[in-house]
Amino acid sequence: MWQNSIKKENIADIVVVGCNYCNLLTMARSLGRAGYGVRIVRVFKHRPTATKPLRSINPEARSKYVTRYTQCLTGGEVAVLVNYLLDYADDRKSLLVPVDDFTVEAVDSGYDALSRYYILPGVDKHSGGIIRLMNKAVQKEMACGCGLPVLGSHRITSHDGEYTIPDDVRYPCFAKPNVSTKHAKDCMKRCDSYQQLQAHLDSLAAKGDIDILVEDFVDIDTELSVLGMCVDGRAQSPGAIRIVEGGTHGRKGVALVGETVDVSTMPDIVRGCNALVESMGYEGMFDIDLIRTKDGRIYFVEINFRAGASTYAVGNLPGMYADRVLAAQNTPFVPNGDITFVSEKVLMEEYARGDVSLNRVIHIMQGKDLYFVKDADDPLPYKYCRKFYPIAAAMRLIYKLK
């Protein structure tokens, strides 16, 4: 694990912006332990209501590594966040680190204006580059060109409820958003026939225009993520994780329990991931999702143009990134080694929804090497979160009555 560093002088505090308290907290700890001051802008798309109290939790505000904490209510509009960040800027140029898809989209949409005040992740140093590449169909085509295996797929879009299902869709298939920020995760569904796919698309198209990727279905053994950064056109992917147990419902594809993976065990995949990022012209941290099938094949799924909470498990990649960008230092990456980790945020939400029992919660929390919220060196965030366990138990009862 990491040692605390003396705060780096003459460098403006790094601004971390995001909607997810787990991503914010782990990022603040990584950067803080690398010696940087950290300011957090917590984003709420909509004001948390009394009926969904877990959405208002903000343990990141209690971290000892956070020098300033503010909140921004956007109403789901990226322009609101861009204007907020413009007003929030200091005289000194700060590194700005978005930690989820919504804030990545917002920052990229305002890149041209924001880059006067912040050092930003981006593509070709202009607005819209990342947004264009958030399209999974585009990503898969580029990944294939870089030697990464991809599943066969078709993109289906609708206008005024009208769409066409290609004749060569193979069944069973799996439908999912082509752009993650445009549809909720509950639109993901396995369809075993033309009729099932049509019924699913009809239900989605009835709510508005759709942009869906329909992929060949495969039996998944596990989900993986390759974690890295690209600076000055050179990508590095020093860490990877495997999802041991994932979330359900709106938390599909998010690690509840995971373990680190030695990247040397899949050199061709890592080489392809680095080549993909470099070919995109992207600069910043990234998280590339993969699947491994039960017959041992690994396929590219998508690239996320930010570092999620799981980055915290592999080592201090954010600190290495900040050192390179802000201090021109090639800090060596020190991996955490073979460890298991748990996301208390996902666990609490799974418990509140009734998807895991209290005994299962206790079992999951025992014996892990790393926790995203619980931390002996930074104890106040977890102490604060524990106050919400009774609320989660009460919500569990409410869900049972629905």
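The values are calculated or read from the model by the stated rules, or taken from the named source; none is laboratory data. Remember, predicted model here, so these are calculated numbers, not experimental data. Neighbour counts run over all protein chains shown; Cβ positions are idealised from the backbone, glycine included. Side chains included, ligands, DNA and RNA excluded: accessible areas come from the protein's heavy atoms. Shrake-Rupley method; radii C 1.70, N 1.55, O 1.52, S 1.80 Å.
Couple of notes before you dig in:
- Selection from segment 17-31 of residues that are open to solvent by 10 Å² or more (accessible area, probe 1.4 Å) and in contact with a strand residue (DSSP E or B) (Cβ under 6 Å, 6 or more places away or on another chain): C19
- Against the list (1) loosely packed, with under 15 Cβ neighbours inside 10 Å; (2) outside any helix (DSSP H, G or I); (3) of a type in the set (D, E, K, R), the condition K64 fails is (1).
- Qualifying residue in segment 303-317 (condition: without any contact (Cβ under 8 Å) to a residue 24 or more places away in the chain, touching a Phe, Trp or Tyr at 6+ places or on another chain (Cβ under 6 Å) and assigned to a helix (DSSP H, G or I)): no
- Against the conditions (1) under 30 Å from N330 (Cα atoms); (2) modelled with pLDDT under 95, V226 satisfies every one except (2).
- When residues of segment 229-241 are limited to those that are free of Cβ contacts under 8 Å to residues at least 60 places away in the same chain and part of a strand (DSSP E or B), the one nearest to F305 (Cα to Cα): C230
- Residue pairs meeting the criteria (Cβ under 7 Å; at least 6 apart or on separate chains; first over 16 Å from S180 (Cβ atoms) and among the hydroxyl-bearing types (S, T, Y), in segment 100-127; second open to solvent by 30 Å² or more (accessible area, probe 1.4 Å) and in a strand (DSSP E or B)): Y111/H126
- Among the residues making up segment 242-270, a single one is β-branched (V, I, T), open to solvent by less than 30 Å² (accessible area, probe 1.4 Å) and within 15 Å of N304 (Cβ to Cβ): I243.
- Here V226, V244, V214, V218 are screened, and the one residue that is part of a strand (DSSP E or B), over 21 Å from the mean Cα position of the chain (by Cα) and β-branched (V, I, T) is V214.
- Any hit, segment 328-340, residues being open to solvent by less than 80 Å² (accessible area, probe 1.4 Å), of a type in the set (G, A, S), under 30 Å from K93 (Cα atoms) and part of a loop (DSSP other than H, G, I, E, B): no
- Pairs linking a residue in segment 1-20 that is over 19 Å from V97 (Cα atoms) and at pLDDT below 95 to a residue that is among the basic types (K, R) and not in a loop (DSSP other than H, G, I, E, B), with Cβ atoms under 7 Å and 6 or more positions apart or on different chains, are W2/R33; N4/R33; S5/R33.
- Pairs, first without any contact (Cβ under 8 Å) to a residue 60 or more places away in the chain in segment 193-208, second in a loop (DSSP other than H, G, I, E, B) and not hydroxyl-bearing (S, T, Y), C-beta under 6 Å, six or more apart: L204/I210; A205/G161
- Hits in segment 180-217 - residues which are open to solvent by less than 60 Å² (accessible area, probe 1.4 Å) and of a type in the set (K, R): none
- Test for R353: is it out of contact with any Asp or Glu (no Cβ under 8 Å at 6 or more places or on another chain), surrounded by fewer than 21 Cβ atoms within 10 Å (Cβ to Cβ) and under 26 Å from T181 (Cα atoms): yes
- Count of residues meeting criterion [open to solvent by 20 Å² or more (accessible area, probe 1.4 Å) and under 16 Å from the mean Cα position of the chain (by Cα)] in segment 271-304: 3
- Filtered residues of segment 359-402 (kept if part of a loop (DSSP other than H, G, I, E, B) and either within 26 Å of the chain's Cα centre (by Cα) or of a type in the set (D, E) (or both)): Q366, G367, K368, D369, F372, V373, K374, D375, A376, D377, D378, P379
- Residue in segment 172-187 that is over 20 Å from I210 (Cβ atoms), acidic (D, E) and touching a residue at least 60 places away in the same chain (Cβ under 8 Å) present: no
- All positions within segment 85-104 that are part of a helix (DSSP H, G or I), buried (at least 19 other Cβ atoms within 10 Å of the Cβ) and touching a Leu at 6+ places or on another chain (Cβ under 9 Å): L85, F102, T103
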